[in-house]
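Heads up: the structure comes next, in structure tokens.
Quick note: the coordinates plus some simple rules give every number you see, no bench work behind them. Because the structure is predicted, anything quoted here is derived from the model rather than measured. Glycine also receives a Cβ, built like all others from the backbone with ideal geometry; neighbour counts cover every protein chain displayed.
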Amino acid sequence: MYPLLFIDTETTGLASTSTVIEIAMIRREEDGAETRFHMLIKPTEQELADAHPKALEKNGYSADPSRWGDAPSMSEAGPQIVAFAEGAKTLVGHNVAFDERMIMASFDRHGVEGRIPHHKIDTITLTYEHLTPLGLKRASLDTVRGFLGWSMEDAHTAMKDAGDCKKLFDLLWQMTPEQQTYLAGLLAGEREG
């Protein structure tokens, strides 16, 4: 299972023509040591033309495209992503299949060779298993943050989302029924207080 690679991407949309414009990865070794990787990736003019305006607004591109001015292209960034992920066994993300699919499609379009791990743990599954019985209505990361009382500051930036995914994994992975009961009590107390 280890090393784990907690991952999040920000993209220009959901379509097959969309591309990754920000990526964050937190690598956890079996001994618990962690290293972080974060990169903005400059989209091509065509990728921007194909972009969904709501996606660009949500991930902050439309508010400040100049942040991406010195960012590398995917053809330059891809080998660095592959190098950081090398040897990792398991991707962990919130809707991790989406992130993997977007990265690999971007790699293919830009001629990047190499792969990222294909074994996956999805924190959405953990959320359904452990938090919906406690009253969570939807499994989006924003909804989970609100339910657990976590900060929304910097939401929809790749490092914040990867970090919150790691935090959610640590909370829910192999949670026992006793721990779930304890968490239910804490959440009930916060809502009453």
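The table below lists the values:
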| read-out | value |
| --- | --- |
| Value of [θ]222 nm, deg cm²/dmol, for the chain, DSSP H segments ≥ 4, -39500 (n - 2.57) each, nearest 500 | -13500 deg cm²/dmol |
| Extension gain, residue 76 back to residue 188 (0.36 nm per residue minus Cα-Cα distance, nm) | 35.5 nm |
| Sparsely packed trypsin sites (Lys or Arg not before Pro) within region 69-159, loop by DSSP, other Cβ within 10 Å at most 12 | 137, 138 |
| Debye, to nearest 20: dipole size of the chain, +1 on Lys, Arg Cβ, -1 on Asp, Glu Cβ | 320 |
| Prolate/oblate/rounded call for region 37-140, Cα gyration tensor, a/c under 1.5 rounded | oblate |
| Förster-model FRET efficiency, 35 Å R0, residue 150 and residue 89, C-beta, rounded to 0.05 | 0.80 |
| Extension gain (nm, one decimal) between residue 14 and residue 31, 0.36 nm per residue minus Cα-Cα | 2.5 nm |
| Order by protection proxy (mean Cβ within 10 Å, highest first), peptides 29-37, 42-50 | 42-50, 29-37 |
| Degrees between helix 177-192 axis and first principal axis of the chain (Cα, 0 to 90, nearest 10) | 90 |
| Kirkwood Rh in Å, taken over the chain so that all alpha-carbon pairs contribute | 17.5 |
| Rounded to 10°, Cα long-axis angle of helix 96-110 versus longest principal axis of the chain | 10 |
| Antiparallel bridges, percent of DSSP beta bridges restricted to region 4-192 (to nearest 5) | 70 |
| Degrees separating the helix 74-85 axis from the principal Cα axis of the chain, which is the longest one | 40 |
| Under Karplus coefficients 6.51, -1.76 and 1.60, residue-wise ³J(HN,Hα) of region 68-73 in Hz, glycine/proline x | 8, x, 9, 5, x, 6 |
| Percent RCO, i.e. relative contact order, over the chain, from Cα pairs under 8 Å lying at least 6 residues apart | 24 |
